[in-house]
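Submitted below is the structure of interest, expressed as structure tokens.
The values are calculated or read from the model by the stated rules, or taken from the named source; none is laboratory data. The model shown is predicted, which means the values in this text are computed figures rather than measured ones. Because the Cβ atoms are built from the backbone with ideal geometry, glycine has one as well, and the counts that use them run over all protein chains shown. For accessibility, only protein heavy atoms count, side chains too; no ligands or nucleic acids. Shrake-Rupley method; radii C 1.70, N 1.55, O 1.52, S 1.80 Å.
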Amino acid sequence: VKRGCPTCALIEPVLRTLAQPGTAFQVVSQDDPRFPSGVGNVVDDTALDYSYLNGIETTPTLIRFGEGREVERLEGWDRAGWRRITGVADLGEKLPPFRPG
């Protein structure tokens, strides 16, 4: 994610929901490790090393890993896709169904 990304700002409440203590959800911020607010342990990727290594060119990007490998990827906000990947049936209920990154 990036603080300067309008779609990332839109989904900030979703990120807080997913990044609860004890979950395997990790937030990586490209421009401000204090974003999103209310999320602990945000990975500081201001040098873009993680993004480069994982081929992230669009924010937000949601990547699901399984056994240490990428299994699925979504770019931008797609409520149905984020729900499918995260398994959270009511995720982003009050948000629009889609916003590009």
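Go through (1) at negative phi; (2) over 13 Å from the mean Cα position of the chain (by Cα) one by one and return the number of the condition G55 breaks.
All conditions are met except number (1).
Scan the stretch 91-100 and tell me whether some residue there is open to solvent by 30 Å² or more (accessible area, probe 1.4 Å), touching a helix residue (DSSP H, G or I) at 6+ places or on another chain (Cβ under 6 Å) and in contact (Cβ under 8 Å) with a residue 24 or more places away in the chain.
Yes, the stretch 91-100 contains at least one residue that is open to solvent by 30 Å² or more (accessible area, probe 1.4 Å), touching a helix residue (DSSP H, G or I) at 6+ places or on another chain (Cβ under 6 Å) and in contact (Cβ under 8 Å) with a residue 24 or more places away in the chain.
List every residue pair whose Cβ atoms sit under 8 Å apart, with the two residues 6 or more apart in sequence or on different chains, where the first one lies in the stretch 66-77 and is among the β-branched types (V, I, T) and the second, anywhere, is in a strand (DSSP E or B).
Final answer for the pair search is V71/R64; V71/F65.
In this structure, is R69 at pLDDT 95 or above, open to solvent by 90 Å² or more (accessible area, probe 1.4 Å) and within 23 Å of G87 (Cβ to Cβ)?
In short, yes.
Hey, another quick one. Please determine, by comparing only the residues of the stretch 1-21 that are part of a loop (DSSP other than H, G, I, E, B) and free of Cβ contacts under 8 Å to residues at least 40 places away in the same chain, which one is farthest from T58 (Cα to Cα).
P21
Of the numbered conditions (1) touching a helix residue (DSSP H, G or I) at 6+ places or on another chain (Cβ under 8 Å); (2) assigned to a loop (DSSP other than H, G, I, E, B), A24 fails exactly one; give the number of that condition.
Result: A24 passes all but (1).
For A80, only one of the following conditions fails: (1) in contact with a Ser or Thr (Cβ under 9 Å, 6 or more places away or on another chain); (2) of a type in the set (G, A, S); (3) open to solvent by 50 Å² or more (accessible area, probe 1.4 Å); (4) not in a loop (DSSP other than H, G, I, E, B). What is its number?
Single failed check for A80: (1).
Of everything in the stretch 27-63, what is part of a strand (DSSP E or B) and loosely packed, with under 15 Cβ neighbours inside 10 Å? Give them in sequence order.
V43, D44
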